[in-house]
Amino acid sequence: MPRVCQEWILPAFKVFNRAEDIDLVIWSAMISCLEKQVHKKEAIALFKSMVYRGVKPNQFPLASIASAASDLDNFRHSASIHTWIFKVGLEMELVLGNVVLYMYMNSRDVKEGCFFLNIIEHYACMVSILGTAGNLDVVERLIAKMEITLDSSVWQMVLAAGRIHKNVALGERAAKNLFKSDPQMDWAQIYIYADSAMWGDVARVRTLMRS
């Protein structure tokens, strides 16, 4: 059993150690508790103990240890967690998939992350999370490695990230791709230029729209 320092966590582990027939809910709660209190290695160790005792994990403990692995930046842990997710058939679970993609992005293994997630909803969600947080370089790498045609939902997330962080180049790219996928999205470039007070470009695009 992992050793934990915080006094308020110790009583919980005393009860946990005395409990009989510990179910998945209790295991998941303890693993999540460790992960959120920055005991990343201990959370992964407890997960391994759970599996060793024959308890089949669901998406909740797997999401906790995937989050722990992303902070540890340990490829061995990431690969092991990835394997477990496939083993229990949860590779298409949306929330878990987003956590795992972030795990790979954090370890700079973009190729493996994109191989794992080939569903457009995951891409749009992750682009939104990463873009809002300001990880625009990761967003660029992510969309460059995608092996599927991106729809307007993804490009709208990229556009929003460009606007939030006033990255004109990224915003322009998103706006142009939005227009390709939906000609009614011709307004997108105007917002990018207006956000950066590029009024000459705003006027130019408006002229093109009228023509």
Filter result for R141 (under 24 Å from V99 (Cα atoms) and in a helix (DSSP H, G or I)): yes
Of the residues V154, V99, only one is assigned to a helix (DSSP H, G or I), assigned by TED's automatic domain parsing to the domain that holds A63, buried (at least 16 other Cβ atoms within 10 Å of the Cβ) and at pLDDT 70 or above; which? V99
Under the condition of being charged (D, E, K, R) and assigned to a loop (DSSP other than H, G, I, E, B), which residue from the range 21-64 is nearest to the chain's Cα centre (by Cα)? K56
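Here's the yes/no breakdown for (1) among the charged types (D, E, K, R); (2) without any contact (Cβ under 8 Å) to a residue 60 or more places away in the chain; (3) assigned to a helix (DSSP H, G or I):
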position: R173; (1), (2), (3): yes, yes, yes
position: K176; (1), (2), (3): yes, yes, yes
position: F179; (1), (2), (3): no, yes, yes
position: I190; (1), (2), (3): no, yes, yes
position: Y193; (1), (2), (3): no, yes, yes
position: A197; (1), (2), (3): no, yes, no
position: A203; (1), (2), (3): no, yes, yes
position: L208; (1), (2), (3): no, yes, yes
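The values are calculated or read from the model by the stated rules, or taken from the named source; none is laboratory data. Only a predicted model underlies this, so the values are computations on that prediction, with no experimental measurement involved. Backbone-built Cβ (ideal geometry, glycine too); neighbour counts: all protein chains shown.
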